[in-house]
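The values are calculated or read from the model by the stated rules, or taken from the named source; none is laboratory data. The shown structure was predicted, so the numbers you read here are calculated from the model rather than taken from an experiment. Heads up, the Cβs are rebuilt from the backbone with ideal geometry, glycines too, and the neighbour counts pull from every protein chain shown. Remember, those area values only see protein heavy atoms, side chains included, never the ligands or the DNA or RNA. Shrake-Rupley method; radii C 1.70, N 1.55, O 1.52, S 1.80 Å.
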Amino acid sequence: MFEQLFPNVEMEDMVEATNETLYMTSVSVAGTFILGLVLGLLLYLSGPGGIWQNKPLNWVTAAFVNVFRAIPFIILILLLFPFTDFLMGTIRGPGAALPALIIGGAPFYARLVEIALKEVDKGVIEAAKSMGARNRTIIFKVLLPESMPALISGITVTAIALISYTAVAGVIGAGGLGDFAYFYGFQRRAFDVVAFCTILIIIIVFVFQFIGDFLSRKLDKR
Amino acid sequence: MISIKDLTKVFKTKDQDVLAVDKLNLSIDKGEIYGVIGYSGAGKSTFIRLLNRLEEPTSGEIELNDQNLTGLSKSKLRVARQEIGMIFQHFNLLWSRTVFDNIAFPLEIAGVPKQKRESRVNELIDLVGLSGRGKSYPSQLSGGQKQRVGIARALANNPKVLLCDEATSALDPETTDSILDLLVDINEKLGLTIVLITHEMHVIRKICHRVAVMESGKVVESGDVLDVFLHPKEKVTKRFVDQVMGDPDRENSLDVINENYRAGEVIQLHFVGENTNQALISDVSRRFAVNVNILHGKITQTQKGAYGTMLVQIDGEETEVKQAIAYMKTTSVEVEVSPDV
Ligand SMILES: Nc1ncnc2c1ncn2[C@@H]1O[C@H](COP(=O)(O)OP(=O)(O)OP(=O)(O)O)[C@@H](O)[C@H]1O
Ligand SMILES: [Mg+2]
């Protein structure tokens with residue numbers, strides 16, 4: 001049955017390509033989460049009424065976020081070639097895709113973080129201030145925990161965008177399922193390979209979505 | 001305890017400057033429950049938020065416990081704030097934390113070690129009557145229970161002062177009363193000074209010792225709650241007093257009374273805050289050969305005694321009636337013969 005449907009699919013290759021995709025996705029999600037969180041916090045805290053209200057800082061952060069969000073991912077990869085070479089020592093393979101993935105994903109996530117933080121009840125922040133909380137306490141014990149479900153669903157959406165970016169990253173020979181589908185499927189006219197890679201990517205996306213929804217629901221005590 | 005001098009707050013907005021608190025002077029004694037009442041926009045919230053500098057004063061001074069709050073640096077202010085508890089109209093609990101962890105939060109901020117935190121939180125949970133609900137999340141509590149958590153949280157660091165901004169305005173009348181009872185209880189047990197903001201005279205009447213009436217950022221009238229009730233000077237104050245004492249049926253009653261009770265004398269009694277004279281009516285009917293008919297009335301209890309008016313008919317021999325009235329006039333109850341609205 002399987003042989004008939006997917007005559008050109010070699011399981012071993014598939015496992016390797018899946019591993020590469022999972023590697024690129026998980027490392028870039030982790031990187032995006034951290035960088036996006038920092039940028040989102042900066043946007044929120046330096047914004048009007050924020051606890052670090054600071055116009056120049058807010059402007060610079062917003063400019064960075066907007067510029068990198070505006071660049072199409074495929075062009076971002078090319079633009080970042082020198083930077084990737086310097087950072088990773090190579091411009092090929094899964095590792096080489098990471099800087100572009102993180103720099104492409106973080107600004108997007110930063111906006112979602114900013115929105116999530118804006119949803120935190122101002123009254124709760126005020127209550128913390130009235131108890132004599134430091135800014136650090138307000139960030140780590142009020143802002144982040146109170147916005148956690150939204151931060152999690154935000155990183156889920158971002159992770160799914162990153163999965164499709166990893167496929168695009170195939171153009172620099174990053175490996176992974178997208179790369180495999182193109183070079184070993186499309187170019188050799190083995191469309192069963194393309195289809196099989198698609199199915200695997202869809203499964204990965206569903207798994208991420210499921211985990212994200214589960215965590216977000218579990219953390220939401222509202 | 002708290003002395004406020006020429007406190008002023010101007011909000012600068014794009015199109016105009018709003019003078020929310022205008023050269024306000026007030027002094028609040030240790031251990032008292034001080035109410036501030038005013039209509040919406042009077043500047044009450046702004047005023048109470050100035051007291052812990054959630055709002056920075058434009059000018060003026062606040063002295064609390066011999067410490068000049070207005071002059072404190074940011075870091076000293078943080079420490080000072082631990083001595084000033086605050087509760088809010090919308091409770092402002094962290095939904096992500098359990099009741100226990102919400103109450104523990106100010107202790108974490110103050111750097112209290114974990115062991116001590118635990119015993120203190122349990123003590124507070126019992127104090128506010130939430131035993132057994134420590135593991136619940138705020139979303140699982142009723143409004144009244146949420147405010148109890150708010151109160152426990154505000155008391156965690158043994159503050160000297162408790163600030164309440166419309167603490168009962170989001171609650172139904174019954175729950176309001178239970179929260180007010182809790183505040184009185186805390187005031188008596190812990191000797192805590194309470195500053196309370198409200199737009200409901202009922203709240204002032206029920207628990208406050210002294211009251212200030214605010215209008216357009218100024219205190220227009222202040223004093224003992226009973227004095228203000230009895231002799232309201234300003235128009236606003238009279239309107240507030242009417243909120244609790246106002247009796248729209250009185251005029252109708254008087255018409256009916258004048259028609260139907262022609263015998264004897266109809267008199268109006270003003271009870272002015274002394275518990276000793278509440279038995280006046282039974283006292284009079286025992287001493288004199290008269291019948292006392294209660295026709296209409298409304299008596300309210302304040303922290304300093306009963307306050308209200310009552311219309312009664314005194315019937316009997318003319319001389320007995322006269323003597324009875326003369327006797328009543330010797331007590332602290334004010335007597336008004338043949339009242340006409
Ligand atoms: N952050 C602000 N910026 C500008 N104006 C403000 C600000 N906060 C309050 N005001 C203004 O100050 C005045 C007093 O407001 P405040 O909230 O203190 O009134 P309040 O007596 O608490 O009213 P309420 O009973 O409705 O809560 C109002 O005219 C209000 O518009
Ligand atoms: Mg208010």
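In terms of solvent-accessible area of protein heavy atoms at a 1.4 angstrom probe, what is the ranking of A:Phe180, A:Phe214, highest value first? Write down the numbers at each step before the final one.
Details: A:Phe180 30, A:Phe214 105 Å².
Final ranking, largest accessible area leading: A:Phe214, A:Phe180.
DSSP beta bridges confined to segment B:2-244 are antiparallel in about 50 percent of cases. Using alpha carbon centroids, what distance separates segment A:1-65 and segment A:185-207, in Å? Taking the Cα centre of segment A:185-207 as reference, the centre of segment A:1-65 is 22 Å away. Shielding of peptide B:87-95 by partners, expressed as the average count of other chain Cβ atoms within 10 Å per residue Cβ, is 5.
Below 8 Å, C-alpha to C-alpha, sequence gap of six or more: please give me the relative contact order for chain B in percent. Can you show the working numbers first?
Numbers: 630 pairs, mean separation 59.2, N = 341.
After rounding, I find 17 percent.
Sort A:4-13, B:285-294 by the packing proxy (mean of other Cβ within 10 Å over each peptide's residues), most packed first. Spell out each step's value before the answer.
Details: A:4-13: 11.9, B:285-294: 15.1.
Ranking the peptides A:4-13, B:285-294 by packing returns B:285-294, A:4-13.
Using a probe of 1.4 Å on the protein chains alone, the accessible area found for B:Ile125 is around 10 Å². Provide the FRET efficiency to the nearest 0.05 for the B:Thr8-B:Glu118 pair, computing r from the beta carbons and using R0 = 56 Å. Here the calculated transfer efficiency is 0.80.
Report the net charge of residues surrounding B:Ile4, where surrounding means a beta-carbon distance below 11 angstrom and charges are Lys +1, Arg +1, Asp -1, Glu -1. Result for the local shell: -1.
Would you mind checking A:Lys55/A:Lys118; B:Lys218/B:Lys238; A:Lys122/B:Lys23 for any pair whose Cα atoms are more than 21 angstrom apart? Over 21 Å Cα-Cα: A:Lys122/B:Lys23. With a Förster radius of 30 Å applied to the beta-carbon distance between A:Leu5 and A:Val205, the computed FRET efficiency rounds to 0.90. Amide H of B:Met86 versus every other amide H placed in the peptide plane: which residues, excluding those fewer than 5 positions away on the same chain, fall under 5 Å? The answer is B:Leu163. Just tell me, in residue order, which DSSP H segments of chain A are both 27 angstrom or longer along the helix axis (alpha-carbon based) and at least 1.6 in mean Kyte-Doolittle hydropathy. Result, helices passing both filters: A:191-219.
Give, as ranges by residue number, the residues of segment A:24-39 whose backbone N falls under 18 Å from the point 7 Å along Cα→Cβ of A:Val67. Zone members listed by number: A:36, A:39.
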